[in-house]
1. For the chain, which strands (runs of 3 or more DSSP E) that fit wholly inside it have 1 or more residues that are of a type in the set (Ser, Thr, Tyr), without any contact (Cβ under 8 Å) to a residue 40 or more places away in the chain and more than 16 Å from the ligand (Cβ to nearest atom)?
2. Do you know which residues across the range 35-50 are exposed (fewer than 15 other Cβ atoms within 10 Å of the Cβ) and not polar (S, T, N, Q)?
3. Just one of (1) surrounded by fewer than 11 Cβ atoms within 10 Å (Cβ to Cβ); (2) under 13 Å from the mean Cα position of the chain (by Cα) trips up Met1, so point out which.
4. Among the candidates Asp32, Asp27, which residue alone is open to solvent by 70 Å² or more (accessible area, probe 1.4 Å), under 14 Å from the mean Cα position of the chain (by Cα), at pLDDT below 95 and of a type in the set (Asp, Glu)?
5. Quick check, is Cys13 exposed (fewer than 14 other Cβ atoms within 10 Å of the Cβ), on the phi > 0 side of the Ramachandran plot and modelled with pLDDT of 90 or more?
Amino acid sequence: MNIKHTTISCPHCGHSMHVELDFSGGDQDYYDECANCCESIHLNMHINVLAHKLELSVSADDEQLY
Ligand SMILES: [Zn+2]
């Protein structure tokens, strides 16, 4: 099983939460819900094959900060 556990911070309230990333299926783009403030969190997972690294970006879907 290609499962990686990591901790992210909610972009809305800063609450730390634990997520399981299943990277056996390649790149993933999905939404999770914060257990603290119940806002949706946009998670974008990218597998960097060259560096054998998992890159995860977390963003709040309702704001455009970048
Ligand atoms: Zn939150």
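The values are calculated or read from the model by the stated rules, or taken from the named source; none is laboratory data. These figures come from a predicted structure and were not determined experimentally. A quick note on method: Cβ atoms are made from the backbone with ideal geometry, for glycine too, and the neighbour counts reach across all protein chains shown. Please note that ligands, DNA and RNA were not included when accessible areas were found on the heavy atoms of the full protein model with its side chains. Shrake-Rupley method; radii C 1.70, N 1.55, O 1.52, S 1.80 Å.
1. Fully inside the chain and qualifying: 28-33, 53-60.
2. Of everything in the range 35-50, those that are exposed (fewer than 15 other Cβ atoms within 10 Å of the Cβ) and not polar (S, T, N, Q) turn out to be Ala35, Cys37, Cys38, Val49, Leu50.
3. In the conditions (1) surrounded by fewer than 11 Cβ atoms within 10 Å (Cβ to Cβ); (2) under 13 Å from the mean Cα position of the chain (by Cα), Met1 misses (2) alone.
4. Result of the check over Asp32, Asp27: Asp27.
5. Against the criterion (exposed (fewer than 14 other Cβ atoms within 10 Å of the Cβ), on the phi > 0 side of the Ramachandran plot and modelled with pLDDT of 90 or more), Cys13 does not qualify.
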